[in-house]
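Comments concern the structure below.
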Amino acid sequence: MNIILLGPPGAGKGTQAQRLEKSRRMVQLSTGDMLRAERASGSDLGQEVQAIMDAGKLVSDAIMIRLIAHRIGAPDARAGFILDGFPRTVPQAEALDVMLGEKKLPLSHVIEMVVDDAILTDRITGRYTCAKCGAGYHDRNQKPKVDDVCDVCGSNQFTRRADDNAATVTQRLQAYHTQTAPILPYYRAKGILRQVDGMAAIEEVGRQIEAILTSAPGVLKS
């Protein structure tokens with residue numbers, strides 16, 4: 001089974017991908033991770049990617065397709081893959097379809113994690129982590145049991161990501177809506193687009209995704 005997870009930054013795609021890796025032995029294909037791994041490998045493709053990135057240029061769609069084609073040929077991808085972060089445009093989606101068609105590896109589902117922008121912004125800007133053990137917290141939704149003391153390790157040092165601020169989050173959401181959301185009609189026309197409530201609890205989102213994956217491609221369960 002091969003799927004794409006779509007949704008803006010902070011929607012929880014990574015969390016759900018990790019759950020599927022454990023429950024279904026699928027592999028998560030993050031474009032950023034693939035680029036870094038290929039660069040580190042020293043392969044011909046990796047050297048090509050490194051030269052492009054060192055020059056401050058964007059990696060072309062054609063190279064990304066080659067990168068994905070190489071990765072899904074690895075033994076650990078035999079049970080299926082989860083694409084996260086690609087495609088972002090209709091031309092990328094079309095090129096991906098061509099490559100997967102050549103490999104006879106069709107997409108089973110494209111799952112959009114639907115979120116409310118205002119709630120998502122609050123979710124992201126309010127989160128912080130323990131600087132020592134990495135335990136996650138939120139200003140309102142998940143405070144430590146004792147103020148300023150980590151529940152897990154007892155540390156009183158916490159940190160926030162520099163880009164977890166309202167201005168940056170708003171920009172990232174706008175980019176998603178203008179650049180990536182237009183591919184939704186493309187997959188809807190192919191009959192494989194499904195939606196889940198990305199604002200639900202993690203377990204509930206996982207349940208909705210599992211219900212989709214257990215249905216036949218092209219069949220939508222309510």
What pairs come out if I take residues in the stretch 124-145 that are touching a residue at least 12 places away in the same chain (Cβ under 8 Å) and pair them with residues that are surrounded by 16 or more Cβ atoms within 10 Å (Cβ to Cβ) and of a type in the set (Lys, Arg) whose C-beta lies under 6 Å away, six or more apart or interchain?
HIS138/ARG127
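Might you let me know whether the stretch 199-213 holds any residue that is small (Gly, Ala, Ser), loosely packed, with under 12 Cβ neighbours inside 10 Å and either under 25 Å from PRO87 (Cα atoms) or under 19 Å from the mean Cα position of the chain (by Cα) (or both)?
Just the residues of the stretch 199-213 that are small (Gly, Ala, Ser), to begin with: 200-201, 206, 211.
Still in the list and also loosely packed, with under 12 Cβ neighbours inside 10 Å: 201.
Filter again for either under 25 Å from PRO87 (Cα atoms) or under 19 Å from the mean Cα position of the chain (by Cα) (or both), leaving 201.
Yes, there is a match, as at least one residue in the stretch 199-213 is small (Gly, Ala, Ser), loosely packed, with under 12 Cβ neighbours inside 10 Å and either under 25 Å from PRO87 (Cα atoms) or under 19 Å from the mean Cα position of the chain (by Cα) (or both).
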If we scan the stretch 142-153, do we find a residue that is among the acidic types (Asp, Glu), out of contact with any His (no Cβ under 9 Å at 6 or more places or on another chain) and on the phi > 0 side of the Ramachandran plot?
yes
Might you check whether a residue that is aromatic (Phe, Trp, Tyr), part of a strand (DSSP E or B), in contact with a strand residue (DSSP E or B) (Cβ under 6 Å, 6 or more places away or on another chain) and under 30 Å from ARG39 (Cβ atoms) occurs anywhere in the stretch 68-81?
yes
Filter the stretch 41-58 down to residues that are charged (D, E, K, R) and either touching a residue at least 12 places away in the same chain (Cβ under 8 Å) or in a loop (DSSP other than H, G, I, E, B) (or both), then give me how many there are.
2
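Would it be correct to say that LEU96 is outside any loop (DSSP other than H, G, I, E, B), at pLDDT 95 or above and in contact with a helix residue (DSSP H, G or I) (Cβ under 8 Å, 6 or more places away or on another chain)? Steps first, please.
Values: outside any loop (DSSP other than H, G, I, E, B): yes; at pLDDT 95 or above: yes; in contact with a helix residue (DSSP H, G or I) (Cβ under 8 Å, 6 or more places away or on another chain): yes.
Considered against the rule, which asks whether it is outside any loop (DSSP other than H, G, I, E, B), at pLDDT 95 or above and in contact with a helix residue (DSSP H, G or I) (Cβ under 8 Å, 6 or more places away or on another chain), LEU96 comes out as yes.
Answer with yes or no whether PRO8 is crowded, with 16+ Cβ neighbours inside 10 Å and under 20 Å from PRO182 (Cα atoms). Quick ask: steps written out before the conclusion?
On the way: crowded, with 16+ Cβ neighbours inside 10 Å: yes; under 20 Å from PRO182 (Cα atoms): yes.
So PRO8 fits the description; yes.
Under the condition of being of a type in the set (Gly, Ala, Ser) and under 19 Å from VAL59 (Cβ atoms), which residue from the stretch 78-106 is surrounded by the fewest Cβ atoms within 10 Å (Cβ to Cβ)?
As a first pass, look at the stretch 78-106 and keep what is of a type in the set (Gly, Ala, Ser): 79-80, 85, 93, 95, 101.
Then keep just the ones that are under 19 Å from VAL59 (Cβ atoms); that gives 85, 93, 95.
Working: GLY85: 20, ALA93: 19, ALA95: 17.
Filtering the stretch 78-106 for residues that are of a type in the set (Gly, Ala, Ser) and under 19 Å from VAL59 (Cβ atoms), the one surrounded by the fewest Cβ atoms within 10 Å (Cβ to Cβ) comes out as ALA95.
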Lone qualifier among ALA135, ALA166, ALA131 - being within 28 Å of the chain's Cα centre (by Cα) and exposed (fewer than 12 other Cβ atoms within 10 Å of the Cβ):
ALA166
Return the residues of the stretch 94-112 that are more than 14 Å from LEU67 (Cα to Cα), in contact with a strand residue (DSSP E or B) (Cβ under 9 Å, 6 or more places away or on another chain) and not acidic (Asp, Glu); say none if nothing qualifies.
LEU105, LEU107, SER108, HIS109, VAL110, ILE111
Out of everything in the stretch 58-97 that is of a type in the set (Val, Ile, Thr) and within 19 Å of the chain's Cα centre (by Cα), what residue ends up being farthest from PRO182 (Cα to Cα)?
ILE72
Any chance the stretch 136-153 includes a residue that's of a type in the set (Val, Ile, Thr), closer than 27 Å to GLU21 by Cβ and touching an Asp or Glu at 6+ places or on another chain (Cβ under 8 Å)?
no
Could you go through the stretch 159-170 and let me know if any residue there is over 30 Å from GLY73 (Cβ atoms), modelled with pLDDT of 95 or more and of a type in the set (Val, Ile, Thr).
yes
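Is it true that ALA69 is touching a helix residue (DSSP H, G or I) at 6+ places or on another chain (Cβ under 6 Å), closer than 27 Å to GLY42 by Cα, in contact (Cβ under 8 Å) with a residue 12 or more places away in the chain and surrounded by fewer than 18 Cβ atoms within 10 Å (Cβ to Cβ)?
The answer is yes for ALA69.
The values are calculated or read from the model by the stated rules, or taken from the named source; none is laboratory data. The shown structure was predicted, so the numbers you read here are calculated from the model rather than taken from an experiment. Backbone-built Cβ (ideal geometry, glycine too); neighbour counts: all protein chains shown.
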